[in-house]
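To start, the structure itself, in structure tokens.
The values are calculated or read from the model by the stated rules, or taken from the named source; none is laboratory data. Everything numeric here is computed off the predicted structure, so don't read it as measured data. With ideal geometry, Cβ positions are generated from the backbone for all residues, glycine too; neighbour counts draw on all protein chains shown. Ligands, DNA and RNA are stripped out before the accessible areas are found, and what is left, the full protein with its side chains, is counted by its heavy atoms. Shrake-Rupley method; radii C 1.70, N 1.55, O 1.52, S 1.80 Å.
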Amino acid sequence: MAEKSIQTLVYEELKKNIISMRLEPGQTMSTQEIATKLGVSRTPVREAFLRLQSEGLVEMIPQRETMVSRIHIRRVDQEKFIRDCLELGVIDLFLERRSQEAVRRMQEFIDVQKQCAGAGDFVGFLEADDRFHKVLFEVADQQMAWETIASRNGHYNRLRILYVRTEHAADSSVRQHTEIVELLKTGGQEPVRRALASH
């Protein structure tokens, strides 16, 4: 597998920090400061900013500043709508092609979530959450749909980070995932659809 480019590594690092809220909404970012901190030139940082701007995660004012975008609830609603529609759209294909291996992988990600919740690692918790859901798309052979979600859910993910930090939220997510896995083993399409919709 080809190594990731410096620009991609910078982009992924900045996106992770934005989603985790280590870079807070409204916070300004200096190209030079980030380049120095990451030990790269300014060019890959500028390229990463442009990519993040296209995803709605940063706002760039030419010759002035680059700022982490504030969370817009209307955008959150639209990002969640895209995710819900695409996810429900792959359920039939997943159920046709599901295997014990796929369900086992989903269970493993639930176990990772439990570990992260116990350690207070909310970023890791949500990464395991996404990997759980990504299995649905991989089994359905709909990777492009998942890539669409992954590149258009920055506002929704930041709200998820805030939510999962609240009391009992992580436990609730784990319970729902466990229910989904059990239904995937034995249930029909409608029960799985209802469980995912309520999740």
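One table, with the values for the structure above:
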item	result
Matching residues, segment 6-25, being within 13 Å of Val45 (Cβ to Cβ) and either touching a Ser or Thr at 6+ places or on another chain (Cβ under 6 Å) or hydroxyl-bearing (Ser, Thr, Tyr) (or both)	Thr8, Tyr11
Options Ile110, Ile149; residue that is under 26 Å from Leu50 (Cα atoms) and either among the hydrophobic types (A, V, I, L, M, F, W, C) or out of contact with any strand residue (DSSP E or B) (no Cβ under 8 Å at 6 or more places or on another chain) (or both)	Ile149
Tally of residues being in contact with a helix residue (DSSP H, G or I) (Cβ under 7 Å, 6 or more places away or on another chain) and outside any helix (DSSP H, G or I) across segment 93-107	1
Filter pass, Ser198 being touching a helix residue (DSSP H, G or I) at 6+ places or on another chain (Cβ under 9 Å), surrounded by fewer than 16 Cβ atoms within 10 Å (Cβ to Cβ) and among the polar types (S, T, N, Q)	yes
Selection from segment 117-159 of residues that are assigned to a helix (DSSP H, G or I) and open to solvent by 70 Å² or more (accessible area, probe 1.4 Å)	Gly118, Ala119, Glu127, Arg131, Lys134, Gln143, Met144, Glu147
Qualifying positions in segment 160-180 - closer than 18 Å to Gln107 by Cα and either among the basic types (Lys, Arg) or open to solvent by 40 Å² or more (accessible area, probe 1.4 Å) (or both)	Asp171, Arg175, Gln176, Thr178, Glu179
Arg105 vs. criteria of a type outside the set (Gly, Ala, Ser), surrounded by 15 or more Cβ atoms within 10 Å (Cβ to Cβ) and under 27 Å from His72 (Cβ atoms)	no
Enumerated helices (runs of 4 or more DSSP H) restricted to segment 1-92, each holding at least 3 residues that are under 14 Å from Asn157 (Cβ atoms) and under 20 Å from the mean Cα position of the chain (by Cα)	6-19
Of all residues making up segment 1-47, the number that are within 24 Å of Gly124 (Cβ to Cβ), open to solvent by 80 Å² or more (accessible area, probe 1.4 Å), touching a residue at least 40 places away in the same chain (Cβ under 8 Å) and touching a helix residue (DSSP H, G or I) at 6+ places or on another chain (Cβ under 8 Å)	1
Test: residue in segment 161-175 that is in contact with a helix residue (DSSP H, G or I) (Cβ under 9 Å, 6 or more places away or on another chain) and more than 22 Å from Met21 (Cα to Cα)	yes
Test: residue in segment 133-143 that is basic (Lys, Arg), in contact (Cβ under 8 Å) with a residue 24 or more places away in the chain and closer than 20 Å to Lys16 by Cβ	no
